[in-house]
Amino acid sequence: MKKILLSLSVVAFLVSCSSSKNASDAVTNTDQAVKYAATITEKDLAKHLFIYASDAFEGRDTGEPGQKKAIAYLKKFYVDQGIASPLGGDDYYQEVPASFLNQGRKRGKALKDSENVVAFIKGSEKPEEILVISAHLDHVGMRDGKIYNGADDDGSGTVAILEIAEAFQKAVKAGIRPKRSILFLHVTGEEKGLLGSKFYVENPIFPIPNTVANLNIDMIGRIDDRHKDNPNYVYLIGSDKLSTELHNLSEEMNTKYTKIALDYKYNDDKDPNRFYYRSDHYNFAKYNIPIIFYFNGTHEDYHQPTDTPDKINYDLLQNRTRLVFYTAWEVANREARVVVDKPVTLPN
Ligand SMILES: [Zn+2]
């Protein structure tokens, strides 16, 4: 009897230890996420965007000199941060050949060779599982002598990824590596038909089945007319399409940390804008990879030469970027990879 009681109390003690260990792990994890999210700042976002969306980049048209400046800027950032390339060595460019870009292209001038930019943080426990965070690096270039700077489209998503990558790398430098690997993917040719992301999923650097989710950011620096009176919002599109767990995770992170009004208006299958099909996440969703598309809606400067960095709401950009960071942190560190409970038929 004494022996039974003794072993029961030992078991009880061990259980309490592990649960308090889990609890303390959760607290530490939260503290760490908060600590590194705080390194994502308006100042740094603006510093990058006033360069990336400046006239010098000539609207970053696919295959044109301005786009080449853009990829050089992104590569230099990753090299300076000590964030490796998944391609190895000094090669941060996934070449996207003109032959691929011009396939089936009926109108417009022939496109020249272009590049996706890739950078990688290897996971500690599940390095073979990959979270992809994406934005498009290109815009529409110059028309009638005017430069289309594309500060919101998609300069905002591009600089958001740079700040998110920096935050994860700061954690890595402090010995806190994410459990899963993270691929920072800057795709070209989005304005020409989601071509860079199409090329990536058809020529993946990491096996598609190992890709646990894609967080895609396209235009998160402005306010649309619908939200003039309550600007602390963001549209989430596709979060519940393939994985209920990813949707709930995203909600949970927002409730816990960023408290943004998440608007699902454009997540409705019947929505005439069909935004779900109009940015790079869609190429991942086609392969049953759960996605979230972060978007602020269109505005008067959408695809205009007036989409400039001085018009960006950096406080909103900062908070929306932190939401993506917290969601990425949880997806990369959660015990089990998010479950696809609503799979679609794969393309042939
Ligand atoms: Zn865009």
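List of remarks:
- Residue under evaluation Thr306, criteria (1) within 21 Å of Asn232 (Cβ to Cβ); (2) part of a loop (DSSP other than H, G, I, E, B), criterion not met: (1)
- Taking first residues from the stretch 276-293 that are without any contact (Cβ under 8 Å) to a residue 40 or more places away in the chain and partners that are away from the ligand (no atom under 14 Å from the Cβ) and assigned to a loop (DSSP other than H, G, I, E, B), the Cβ contacts under 9 Å between residues at least 6 apart in sequence or on separate chains come to Tyr276/Gly238; Tyr276/Lys241; Tyr276/Asp269.
- Residue match in the stretch 182-195 (condition: open to solvent by 20 Å² or more (accessible area, probe 1.4 Å), more than 13 Å from the ligand (Cβ to nearest atom) and closer than 19 Å to Phe120 by Cβ): no
- On the stretch given as the stretch 208-226, residues that are open to solvent by 10 Å² or more (accessible area, probe 1.4 Å), more than 16 Å from the ligand (Cβ to nearest atom) and in contact (Cβ under 8 Å) with a residue 60 or more places away in the chain total 5.
- Residue within the stretch 238-248 that is among the basic types (Lys, Arg) and part of a helix (DSSP H, G or I) present: no
- Only one of the listed residues (Pro231, Pro178) is touching a residue at least 60 places away in the same chain (Cβ under 8 Å), in a loop (DSSP other than H, G, I, E, B) and open to solvent by 30 Å² or more (accessible area, probe 1.4 Å). That residue is Pro231.
- Selection within the stretch 130-152 - open to solvent by less than 30 Å² (accessible area, probe 1.4 Å) and away from the ligand (no atom under 15 Å from the Cβ): Ile130, Leu131, Val132, Ile133
- Qualifying residue in the stretch 259-268 (condition: part of a loop (DSSP other than H, G, I, E, B) and at pLDDT below 95): yes
- Qualifying residue in the stretch 198-205 (condition: within 16 Å of the ligand (Cβ to nearest atom) and open to solvent by 20 Å² or more (accessible area, probe 1.4 Å)): yes
Yes/no per residue for (1) in contact with a strand residue (DSSP E or B) (Cβ under 8 Å, 6 or more places away or on another chain); (2) more than 16 Å from the ligand (Cβ to nearest atom); (3) over 24 Å from Trp329 (Cβ atoms):
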residue: Glu252; (1), (2), (3): no, yes, no
residue: Thr258; (1), (2), (3): no, yes, no
residue: Tyr276; (1), (2), (3): yes, no, yes
residue: Asp280; (1), (2), (3): yes, no, no
residue: Tyr294; (1), (2), (3): yes, no, no
residue: Thr298; (1), (2), (3): no, no, yes
residue: Asp301; (1), (2), (3): no, no, yes
residue: Asp310; (1), (2), (3): no, yes, yes
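One line per residue, one yes/no per condition, for (1) away from the ligand (no atom under 16 Å from the Cβ); (2) part of a helix (DSSP H, G or I); (3) among the charged types (D, E, K, R):
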site: Gly59; (1), (2), (3): no, yes, no
site: Ala70; (1), (2), (3): no, yes, no
site: Gln94; (1), (2), (3): yes, no, no
site: Gly108; (1), (2), (3): yes, no, no
site: Glu163; (1), (2), (3): yes, yes, yes
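The values are calculated or read from the model by the stated rules, or taken from the named source; none is laboratory data. Source: prediction; values computed, not measured. For neighbour counting, all protein chains shown are included, and Cβ atoms are generated from backbone atoms with ideal geometry for every residue, glycine included. Accessible surface is based on the protein model in full, side chains and every heavy atom, while ligands, DNA and RNA are left aside. Shrake-Rupley method; radii C 1.70, N 1.55, O 1.52, S 1.80 Å.
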